[in-house]
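This report refers to the structure that appears directly beneath it.
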Amino acid sequence: MSELRTRSRWRRRIPFSAALAAGTAVLLLVSPASAVVPQTAAPGADTPADLGRLADEQTSVIEVVVADTTELDALVATGVDLDHHVHHTADGIVVHAVVTGNEVATLTRAGFTFGKVLHTEEDAQDRIAEREATIAAHLADNREFSGAAVAARSAASDVKIIRADYYTSGDTQVLSVEAKWAQGQTAATALTVERDSGPGTEFGSGGTQNITRFVDAGVYLYHRGAAQVTSRPDYVRITSPTGDVAVAKVHEWLPIPDTDPEGPGYQKDFVTSYLTPTELYDRIKAMSAQYPEISEIVELPHKTNGYRRKAQAVLGTANASRVGVDSLAWGHQGGNDITVELANPGTASASLTVTVTGNQVRVGLATDAAGTVTSTAAEVAAALNAQAGTLVSAYTYRGNAGTGVVAPAAPTALSDGLSAPTTVSRDPHTVYAIRIGKHRDGSKMGVLAYAQEHAREWVPPLVTIETAERLLRNYAHDANTRELVDNLDIWIAPSINPDGGHYSFYDFNSQRKNMTNHCTPETSGDFLGRTSWGVDNNRNYTEYSLFDGYSGASTSCTSGTYAGPDELSEPESRNVDWLASRPNVKFSMNLHSSGNYFMWSPGSYATPGRVSAPRPTLAEESLFWGASSRILTAIKRHRNLAVTPARTGPIADVLYSAAGNSGDMLWYKYGIYAWNFEVGTSFQPTWTSAREETMEFSNGLVEMLRVARDLDTDESAPTSSVEVATSATEGSVDVTFSTSEPAAVFYTLDGSRPTFESTLYGSGGIREGGETLTVPVGTTVHWFSVDAAGNVERGYQPDGQDDNYNRKRLTDPNAAPEVPVTVTVQTRCVAGKAYVAVQARNDHDAAVDVVLESAYGQRSVSAVAPGASAFQQFTTRAASVPSGSATVRATGTVDGESVTTVVTADHAAVNCAADPRQAQ
Ligand SMILES: [Zn+2]
């Protein structure tokens, strides 16, 4: 196998631096008093760290409408729990937040505008019921079955078209266009795109569409827009407001290929219901047991903290009078058996007492002379800690001074709030992966797929299961599958976050994070805060994280994007780090839902300024795009639904900043080509939809394996060329490189030999092709290209001595052909007499004939060799000469034709009599 031997050389050294408000939403979830608070001028400016979610509230997915990405950044900065949906509309950006009524109220007060309610807890309960019914039906089928078995572009224009993509989605035909206009930063004008109606037809015959500015944090990026069309255009034309014109050919986005990579008899469709993490692990264990020759189960090194909690209660209602109580033991280890009673003794002048009988804690409250209870929350908490401190720990509510008198309470059972059946382990959980491959010894290229960093995302794990099943069950009869399994080392981790996953199925459907409680009694660590705890596993990694100053993660333990107390503080994240550090892993897929996105690094930026983590090089980005095209075509093959161009690209471009996400760690720390899927349209769609999405994205995941395999077997070197155009800068030309496949180009302009240390040809800008270099005419460029598999053009050895790299002397293609000569004219004094010296150096690559001519004479020199000079010092026979000029005529063969170039150069006056050095 070939290694990716120049991978590290591709990488630059990275300095480690630092409306619409649907009444429905508001009326359902917000008290009228808080719904009418006026909006502030700058949304998010004064949002509290804790948005106020309480565990007994309903949680829903609701649209938030923000004006632009600056407001989106502000929303992200509040730490609100967002799903992965970011939709740019004419009126702003619509995102989906997972919020409770209290959180809606807090964010509304902070100036944010809510829209439609998309998903409620009832919907979630329907999914659970559907899953149970599905499983029950399958079980019934199985029983029946077994029972039966027993019985029997343009360079000079100020507008440039970046992409023009035609695609079909269902029965709809769409044209998506992105273009950059030179005045886009200052003028808000839309651009009009004229479509033809097919090859050879007139512009405009297919209609027109407007595309509008995409401005981010005050920075114009490009114009973009998609429109439905009724025919496939061949070319589009944009005429800018200044009258400049750009024309581009329309490319088909994700055309369905004629050749189906799934051969006859290919088996698929292996999932029949949503699966809990326990069920996911059981499934891969069963698979591996059936196919031990080509798979094994891997126990990842870090156990989770476990699906377990301390038993808790919050006694009382008014905050100043509330007492929180936690068991010292885990709920399932005795905590749930503890009761706490706040008893009115019924006598006057009683003192505060605490009595512990087994697991029963009885607080006798103090009374005054009239028999009225006088114990405050602070006093009760102190008494409990002093006298029942071996069983429980008590505290006032969320940092309140606790000066309110408590209300008597009947014996109240502490609870861990966990309702999964006992078949779900309460112990720290092992996270399992299945490793598939004929040779699992590190000798084959590794590919990693991992899902359910986010607990409530139930479809992505199924994609991994479906994919594993396809690989194992088609191995014996499908040559294409065998090719992959025999030659790749495939790591599949269906659930990175089993604790959160179980919690999502059995307790709190909208759970995003893990189950680790980093909150304290002061910061919502009480029983009412339990649906807000946990670390966002996709913000807990090491590169471009919150801790490095990047945006899109929170320091608040209750935030939906809580980054944790430190990088890799969580066992789940350390397991992903361990997987990524397998030395042979070169490709990865981080599976999330939802939104139908397909993304790569950079995944975060720092605000203000939107300074993103380093962008991939041009070559890397072209590999991302090239592979993406294949993977998305495979996804589309299932039911002809397309992932759109606007949802393909770097996370920071198409979504929002996500500091410390795992994809960035894999890319920046380990050099893995790390992709991120956002599967489907919601976290827990109906089973019918979930199954379709599983099939689609499993197609994509298998295609990623094929991409990896193809790269691994790539033995053919790229070829490259240089295109030279007239430059707006006088005396210069505009230069671009192109390559036959995704490849890096290294070049020099100083005549030196190109190496891996030479300048790397870069990208022209966000979502554009290669940069345009402006270089003086006459410069000779030396370059070579190298592909991702390390194949160097022409077998050139950049670290060796040979010189079989590419070279080209740059001339203006629109200028008349010239014989290149460098002319110098000087005046000199020799023995008191003035001389005019004329020199012409031949810069051509062939011999030239030269005529040197001055006012003082003429000389012809034939066949001056390349690099050699013709020279004549003309005597003037005078002590001084005025300023003047000399002329050189150079005649040579350029592109097969005889060309004469005339160069005139000036010389200064000289007076040799006046020069004391010459007078002696
Ligand atoms: Zn996610």
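What the table shows:
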| item | result |
| --- | --- |
| Gyration tensor verdict on region 380-443 (Cα atoms; rounded if a/c is under 1.5, prolate if a/b is larger than b/c, oblate otherwise) | prolate |
| Calculated [θ] (222 nm, deg cm²/dmol) that DSSP helices of n ≥ 4 give over the chain, each run adding -39,500 (n - 2.57) | -6500 deg cm²/dmol |
| Residue exposure sequence - Met589, Met445 - by fewest surrounding Cβ within 10 Å | Met445, Met589 |
| Value of Rg to Rh for region 821-919 (Rh from inverse mean 1/r over Cα pairs, i.e. Kirkwood) | 1.07 |
| Mean separation of Cα contacts under 8 Å, 6 or more apart, over the residue count of region 310-413: relative contact order % | 35 |
| Charge context of Ala690, other residues only, Cβ under 12 angstrom, K/R +1, D/E -1 | -3 |
| Set of lysines near Lys116 by C-alpha distance (under 18 Å), chain-local residues within fewer than 8 positions excluded | none |
| Partners for Lys285 among lysines (Cα-Cα distance below 28 Å; same-chain residues under 8 apart left out) | Lys268, Lys303, Lys438, Lys444, Lys513, Lys586 |
| Assigned charges on the beta-carbon of Lys, Arg, Asp, Glu; the chain dipole about Cα centre (debye) | 1540 |
| Among Pro583, Val174, Ser629 the positive-end extreme of the charge dipole of the chain (Cβ point charges) | Pro583 |
| Cα centroid separation - region 439-465 against region 282-320, whole Å | 16 |
| Length released on extending from His251 to Asp486, taking residue separation times 0.36 nm less the Cα-Cα span | 81.1 nm |
| Nearest-20 debye value, region 424-479 charge dipole, Cβ charges on Lys, Arg, Asp, Glu | 160 |
| Ranked list, fewest to most other Cβ atoms within 10 Å of each Cβ, for Asp478, Asp123, Asp710 | Asp710, Asp123, Asp478 |
| Debye intensity ratio I(q)/I(0), log10, the chain, q values 0.06 Å⁻¹ (C-alpha model) | -0.55 |
| Residues Trp667, Trp181, sorted so that the one with the fewest Cβ neighbours within 10 Å comes first | Trp181, Trp667 |
| Average Cα contact separation per residue, region 720-809, under 8 Å, 6 or more apart, as relative contact order % | 28 |
| Charged-residue dipole, Cβ positions (Lys, Arg, Asp, Glu), region 310-413 about Cα centre, Debye nearest 20 | 160 |
| Dipole of the chain, positive direction: furthest Cα of Tyr805, Ala190, Tyr544, with charges on the beta-carbon | Tyr805 |
| Gyration tensor (alpha-carbon) shape descriptor, region 720-809, a/c threshold 1.5 | oblate |
| Gyration tensor (alpha-carbon) shape descriptor, region 492-576, a/c threshold 1.5 | oblate |
| Per-pair calculated FRET efficiency, R0 = 22 Å: Trp625 and Glu715 via Cβ, rounded to 0.05 | 0.45 |
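Laboratory data are not the source of any read-out in this text; all were calculated from the coordinates shown. Everything quoted here is computed from the prediction, not taken from an experiment. For neighbour counting, all protein chains shown are included, and Cβ atoms are generated from backbone atoms with ideal geometry for every residue, glycine included.
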